[in-house]
Every structure is written in structure tokens, then in C-alpha cells.
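Reviewing the structure listed below.
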Amino acid sequence: MSPLPPVTWLYVPGDRPERFGKAMASGADVVIIDLEDAVAPVRKDEARRNAVAYLRERRGGGGAEVHVRVNDPATDRGRDDLAAVGDLADAVRLPKVESAAVLDALTGAPAYALLESAAGIVAAGQIAAHPRVAGVALGEQDLAAELAITDEQAMNHLRLQVVLAAAAAGLPPVPMSVYPDVKDEAGLLASCRAGRALGLFGRTAIHPRQIPVIRRAFRPTEEEAARAAEIVAAAERAEQAGVGAVALPDGRFVDAPIVVRARRTVELARRLAGPSQPPPETGA
Ligand SMILES: CC(C)(COP(=O)(O)OP(=O)(O)OC[C@H]1O[C@@H](n2cnc3c(N)ncnc32)[C@H](O)[C@@H]1OP(=O)(O)O)[C@@H](O)C(=O)NCCC(=O)NCCSC(=O)C[C@H](O)C(=O)O
Ligand SMILES: [Mg+2]
């Protein structure tokens, strides 16, 4: 069974190095140092230097993966960012990818492509299938701005295109884009649950307080976890008995894809068990 992908991804602006430690202590699976839209143009050189210094210092250390969102890889600044962090970061995140061609020059760390324009969504299948791409995600703030979308159902059409492109290319499931209101925890929870029903998995956050909410949203309910455990146990009994088909005590027949899904649910429940709180702070 393939390992579960990250559930929580936290952005931290590259020009706020005093916040890097706080991001690492947030409980997020992945911390993304942003060199792109969270950083004002006049501070971009400084942000890149901060990212490089942090990555050099933490090399060999444990904890969350550290990714860097570089500037548009089709620009000189983006290419310079890639040259600076490509061999240091655990992965790079490429904004505003609109064609597979821009990915050909990539070397170094695994790359995640952000699809955040009409052209990017239209080319989602080719971008996801590029051999250098480790995953794809949506940039819904940019998409909504370009397309003037204000309706969730309309955005769901775009989300599903990316979910399909990722699955068809054999990539991990697509994490949800950021929820911009950092104080609206109920709204974030509801939005995550709606995204989960679309096949999206996990979410990028912009504030540490969003991390436990996202974990809670993607954690299977007790009922889902118990049901999944029952299916896995029945499948194991059938395997030991050399029987292919599995029937649950309530008479329901279970086939192989359901067992695979149940195993993932059991694993996810185990990984996200416990209180939905970040670990104690370890300092900035
Ligand atoms: C959104 C923020 C600007 C809010 O900042 P602020 O008002 O300063 O927050 P707080 O006062 O509530 O901070 C409380 C403490 O938490 C720490 N903190 C806050 N945010 C972070 C963070 N992201 N990482 C680490 N630590 C953080 C503060 O240091 C405070 O700590 P303390 O002083 O000890 O109490 C801010 O949260 C922020 O900048 N967030 C990240 C924004 C960002 O990176 N945006 C880029 C990604 S968005 C995107 O990708 C859109 C996409 O491209 C698209 O198109 O859709
Ligand atoms: Mg964006």
C-alpha cells in the first residue's frame, strides 16, 4: 500500500524568518516557505536568502518536510529561485504553471505544480503527466480572480478536473487550496469536508491555527474507522482461510477496492488520532 500523502501544509512568507520555527512547530506535515505572492517585490531577494540559510541550517534535521514556493518558473526570478533552493528543499512548489514545457528544465527536488489560471486547468492532464511532477494543486485565489468565479459549484468543476488529472497520472490526491479567513474555523471545517467529498485530500493553510481544524476535518469519524476496521478484519480472515470473497457479518459483500479503501481509512484514523492540537511550541 502506498504511504499516505501529507494532510496539512502550512505556508510561511519567506521574508518572515522569525516565523519559520513557529511553522515547523505547528504540527503541519509540510511547511512551505513562500517566495512568491506572500512576499513584496522589494523583499524577494531577502526572502530567497532567508530560505537558503534556513534550509542549509536544518539539513539532516527531522520534523516536517520543508518545501519552497518559488516565483513563476517561466521568469528569470523563478529560475534563479530554483537554482538557489532546488538542491536544498525537500520539494519545490511551482506557481502559475500553464504548460508542461516549463517543467522540462527542472532538476533537483521533486516539483509540485500549482494550477491557478484557465490555461493551467486546461493543460492539467499534460502537466500532471510530466515525469518531473510529484503532485498538483489548485491556486483558487488566482483562479477566482482571473475567472471572476464566486460560486462554489463553479469552482467544484475546476477542482474535479484537477482531481481527475492527478489520478489519471498516478499522482497523490490533490490537497485543497487555502481558506483565506484565518478566524473562521467553522467555515474552514465545513469547506474541508465538502472538499473531501470531491476527492480532494488534505489542505494548505496560511495560519498555524488552521492546522488542527484541517486534521480534524480529514480524520475519519469513529463510525467510519470502526466500519473500516471491520472490513479489514473480515478481509484478513478470508485471506487466512484462502477465500477470495468477503462477506461482513451483516451480509454485505466486500470487494478488493473496498478493502484497499478501508485499509487507508484505518491508517488515516491511526495517523490523525489524538487531540486536534498542535504539539507544544519549541520556540521560533
Ligand atoms: C495571514 C497572516 C498575514 C496573519 O498574520 P498575523 O495577523 O500577524 O497573525 P497573528 O497575529 O494571528 O499571528 C499569531 C501568531 O502566529 C504566528 N503566525 C501567523 N501566521 C503564521 C504562519 N503562516 N507561519 C508561522 N507562524 C505564523 C505569528 O508569528 C504569531 O506568533 P506569536 O507572535 O508567537 O504570537 C499570516 O498568518 C501569514 O502571513 N500567513 C501566510 C500567508 C502566505 O504565506 N500566503 C501565501 C500562500 S496563499 C496562496 O498560496 C494562494 C494561492 O497562490 C492561490 O492563488 O490560491
Ligand atoms: Mg496563487
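The values are calculated or read from the model by the stated rules, or taken from the named source; none is laboratory data. Since we're looking at a predicted model, the values are computed, not measured. Using ideal geometry, Cβ is built from the backbone for each residue, glycine included, and neighbour counts are taken over all protein chains shown. For the accessible areas, the whole protein counts, side chains as well, though only heavy atoms, and no ligand, DNA or RNA atoms are used. Shrake-Rupley method; radii C 1.70, N 1.55, O 1.52, S 1.80 Å.
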**Report entry** Order of exposure, largest accessible area first, which applies to LEU158, LEU143 with probe 1.4 Å
**Finding:** LEU158, LEU143
Report task. Note down the accessible area of TYR179, probe 1.4 Å, to the nearest 10 Å². Result -> 40 Å²
Report task. Enter the angle in degrees (range 0 to 90, nearest 10) between the Cα long axis of helix 185-197 and the first principal axis of the Cα atoms of the chain, meaning the one along which they spread out most. Result -> 60 degrees
Query raised in the report: Against the longest alpha carbon principal axis of the chain, how many degrees, from 0 to 90 and to the nearest 10, is the axis of helix 44-58 turned?
Result: 50 degrees
Query raised in the report: Which distance in nm do the two modelled labels at ILE149 and GLU267 give, with both placed 7 Å along the Cα-to-Cβ direction?
Result: 3.0 nm
Report task. Enter the angle in degrees (range 0 to 90, nearest 10) between the Cα long axis of helix 222-240 and the first principal axis of the Cα atoms of the chain, meaning the one along which they spread out most. Result -> 60 degrees
Report task. At 1.4 Å probe size, with no ligands or nucleic acids counted, give the accessible surface of ASP29 in Å², nearest ten. Result -> 40 Å²
**Report entry** Mean separation of Cα contacts under 8 Å, 6 or more apart, over the residue count of region 18-66: relative contact order %
**Finding:** 51 percent
**Report entry** Shape of the chain, Cα gyration tensor, a/c cut at 1.5
**Finding:** prolate
Report task. Just grab the label-to-label distance for ILE258 and GLU230, each label 7 Å out from Cα along the Cβ direction, in nm (one decimal). Result -> 1.1 nm
Requested in this report: Would you compute, from DSSP H runs of 4+ residues alone, the mean residue ellipticity of the chain at 222 nm, taking -39500 (n - 2.57) per run and dividing by the full residue count, rounded to the nearest 500?
Outcome: -13000 deg cm²/dmol
